[in-house]
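Below is one structure, written out as structure tokens; the observations come after it.
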Amino acid sequence: MVQIQDTLVSLDVFREQFCCDLVRCKGQCCVEGDAGAPVDEDEIADLEEAAEALNGELTPEAQQVIDEEGVVCIDRDGEFVTSVVGDRDCVFAVRGDDGTTLCAIDRAHREGRTEVQKPLSCALYPIRLSNVGGMTALNYHRWDICRPACVLGQSLRLPVYRFLKEPLVRAFGQEWWDECDLVAGELRKAGYLNKE
């Protein structure tokens, strides 16, 4: 781990290579797992706003879950997560014509139809945040369904932190990301990372 401002960053965030490959994985991260996506309490109001704006775009089953349970629930660890349909699909998951699962919030945001962005935990994946001694720790999470993303990232020689520049800036600010990039350069010079 290296410290960048008030965060601790795993070396895997610099070493591992990653680039989402929706053509191959079909967006399985929105439907697999044992709970919905982690959500910060301050994101709940935005998700409620998004659900209202996306009414009619979400599946009828998702809309029913939202109407009955809300956009978030509490998982077995006592944390807020997005609600799910049938213990699988995130309520914001929609399918494209080719069967790829997409985030309705992310699609609407990219199309300029909402200011709301998908939960930060989704945007930062495969980085997972945790609290370590009062500091935010950034760890690389390995998941078999993301194997195509690892293969594509390796072919592009794209480190995780660079792939996630936009959400990392969203989470920690441009100054933090610039420092992160400088740290990566120093780690590379010192031989801790592969040459790009």
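The values are calculated or read from the model by the stated rules, or taken from the named source; none is laboratory data. Since this is a predicted model, take the numbers as computed values, not measurements. Cβ placement follows ideal geometry from the backbone for every residue including glycine, while neighbour counts extend to all protein chains displayed. All accessible areas refer to the heavy atoms of the entire protein, side chains included, with ligands and DNA or RNA removed. Shrake-Rupley method; radii C 1.70, N 1.55, O 1.52, S 1.80 Å.
At least 3 residues being without any contact (Cβ under 8 Å) to a residue 60 or more places away in the chain is the threshold, and among the helices (runs of 4 or more DSSP H) wholly inside the stretch 1-94 those reaching it are 44-53, 60-69. Kindly provide the set of residues from the stretch 125-179 that are within 13 Å of I4 (Cβ to Cβ) and assigned to a loop (DSSP other than H, G, I, E, B), ordered by number. Matches in the stretch 125-179: G173 only.
Considering the stretch 155-171 alone, what residues qualify as being under 21 Å from L193 (Cβ atoms) and open to solvent by 50 Å² or more (accessible area, probe 1.4 Å)? S155, L156, R157, R162, F163, K165, listed by residue number. Would you mention how many residues in the stretch 92-151 are open to solvent by 30 Å² or more (accessible area, probe 1.4 Å), over 12 Å from the mean Cα position of the chain (by Cα) and among the polar types (S, T, N, Q)? Summing the residues that are open to solvent by 30 Å² or more (accessible area, probe 1.4 Å), over 12 Å from the mean Cα position of the chain (by Cα) and among the polar types (S, T, N, Q) in the stretch 92-151 gives 4.
Inspection of the stretch 15-34 identifies at least one residue that is in contact with a Lys or Arg (Cβ under 8 Å, 6 or more places away or on another chain) and modelled with pLDDT of 95 or more. Is there a residue being surrounded by fewer than 15 Cβ atoms within 10 Å (Cβ to Cβ) and either touching a helix residue (DSSP H, G or I) at 6+ places or on another chain (Cβ under 7 Å) or more than 28 Å from Q174 (Cβ to Cβ) (or both) anywhere in the stretch 43-53? The answer is yes; a qualifying residue exists.
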